[in-house]
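**Student:** Below is one structure. I have some questions about it.
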Amino acid sequence: MALIKCDFYSDTLGLNTSMHVILPQQTHNQIGMENVSDQGLHPTLYLLHGLSDDDSIWLRRTSIERYVADLGIAVVMPQVHRSFYTDMAEGGRYWTFISEELPALARSFFPLSHQREDNYVAGLSMGGYGAFKLALRKPDQYAAAASLSGALDMVAHMDNRIVKAVSDAEFKRIFGPKIEGSENDLLHLLEESKVIQGPKPLLYQCCGTEDFLYEENQAFRQACAQTDFQLTYEEEPGGHDWGYWDEKIQNVLKWLPLRERD
């Protein structure tokens, strides 16, 4: 595998930002690793970070590079700060960045497939919210999306007094005065999806039963059951921590609908 720290300028954000990228590399005598690459345009997993993290965190807290070595897929890990992958009411246009500019730039820099069947997105906590927002708002771009302990009911999340990692003032700077019924409300997007024709991404959702986001995940699961999205759901004892996410990202990689390559 090749690991690249990519610093670049974003016209959408109006600033320099960064992403970490894992690229497949075919090797024959690397000890302890079985690397696979077909030398074509690579299937790509966009892997999103959580609220307090950055584009390096999946590499620092998990063995994601080792986990994908024999799958022949690229992994793109972008930096979005505390934006909730949203065009902020007061701040950067991070939704436009993550949904439009980033994939185009990544494909211009690296040999990544543009075909829907080869593109997937996953994330944890805030990144789980971002992954499912991409799946619901851009179903024509992704074959599958996974949320690990995602913040999936943002209306309820604003009222969550168990853990207040984001202040009311910060929420308003991000989302404006109202989330319910907007394009940032995943439960609203699920309802809207019922009348939208066309293919829908496969969804994977997991959350530990001791996680403070467990009730939000139950709300999303129940709402999703009323749609025609195909949802794979997993839960077991677990909290909001990297031990859980390191285990579950391996499940996600096994679940991804990777195509047979020529």
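Bear in mind these aren't lab numbers, they're just calculated from the coordinates by the rules spelled out. Note that the coordinates shown come from a computational prediction; the quantities given were computed from them, not determined experimentally. Cβ atoms come from the backbone with ideal geometry, glycine included; neighbour counts cover every protein chain shown.
**Student:** Hey, can you grab everything whose amide H is under 5 Å from the amide H of Ala144? Only 5+ residues off in sequence or another chain; H modelled, so Pro and N-termini drop out.
**Tutor:** Long-range HN contacts for Ala144: Val121, Leu202.
**Student:** Okay, next question. Helix 242-255: angle to the longest alpha-carbon principal axis of the chain, degrees 0 to 90, nearest 10?
**Tutor:** 70 degrees
**Student:** Okay, next question. Most mobile of Ala145, Ala104, Ala135 per a Gaussian network model of the chain (Cα springs, under 10 Å)?
**Tutor:** Highest fluctuation among the options: Ala104.
**Student:** Separate question: Compute the Cα gyration tensor for the stretch 26-65, then decide on rounded, prolate or oblate, letting a ≥ b ≥ c be the square roots of its eigenvalues: rounded whenever a/c is under 1.5, prolate when a/b is larger than b/c in the other cases, and oblate in all that remain.
**Tutor:** Note, shape of the stretch 26-65 comes out oblate.
**Student:** Mind checking the angle between helix 126-137 and the chain's longest principal axis? C-alpha axes, 0 to 90 degrees, to the nearest 10.
**Tutor:** With rounding to tens, the tilt is 90 degrees.
**Student:** Per Stokes-Einstein, at 20 °C and 1.002 mPa s, what whole-number D in µm² s⁻¹ belongs to the chain, with the Kirkwood radius over Cα pairs as the hydrodynamic radius? Write down the numbers at each step before the final one.
**Tutor:** Details: Rh = 18.6 Å.
Here the translational diffusion coefficient equals 115 µm²/s.
**Student:** Right, another one. Which one of Phe212, Pro78, Ile196 has its Cα pushed farthest toward the positive end of the charge dipole of the stretch 2-255, where Lys and Arg give +1 and Asp and Glu give -1 at the Cβ?
**Tutor:** The listed residue farthest towards the positive side: Pro78.
**Student:** So how strong a dipole does the chain carry about its Cα centre when Lys and Arg Cβ are +1 and Asp and Glu Cβ are -1, to the nearest 20 debye? Don't skip to the answer; put the middle values down first.
**Tutor:** On the way: 23 positive and 38 negative charges, 69 e Å.
Dipole size: approximately 340 debye.
**Student:** Let me ask something else about it. Could you please report the charge total around Met77, scoring K, R as +1 and D, E as -1 over all other residues with beta-carbon less than 14 angstrom from its beta-carbon?
**Tutor:** Here the charged neighbours net out to -2.
**Student:** If you consider only alpha-carbon coordinates, what radius of gyration and Dmax does the stretch 178-262 have, in Å?
**Tutor:** Using the Cα atoms of the stretch 178-262, the pair Rg, Dmax is 14.9, 48 Å.
**Student:** May I pose another question? Among Lys5/Lys178; Lys5/Lys194; Lys194/Lys254; Lys178/Lys254; Lys133/Lys248, which pairs are too far apart, with a Cα-Cα distance over 31 Å? Kindly include the intermediate steps, with their values, before the conclusion.
**Tutor:** Working: Lys5/Lys178 36 Å; Lys5/Lys194 40 Å; Lys194/Lys254 28 Å; Lys178/Lys254 38 Å; Lys133/Lys248 20 Å.
From Lys5/Lys178; Lys5/Lys194; Lys194/Lys254; Lys178/Lys254; Lys133/Lys248, over 31 Å: Lys5/Lys178; Lys5/Lys194; Lys178/Lys254.
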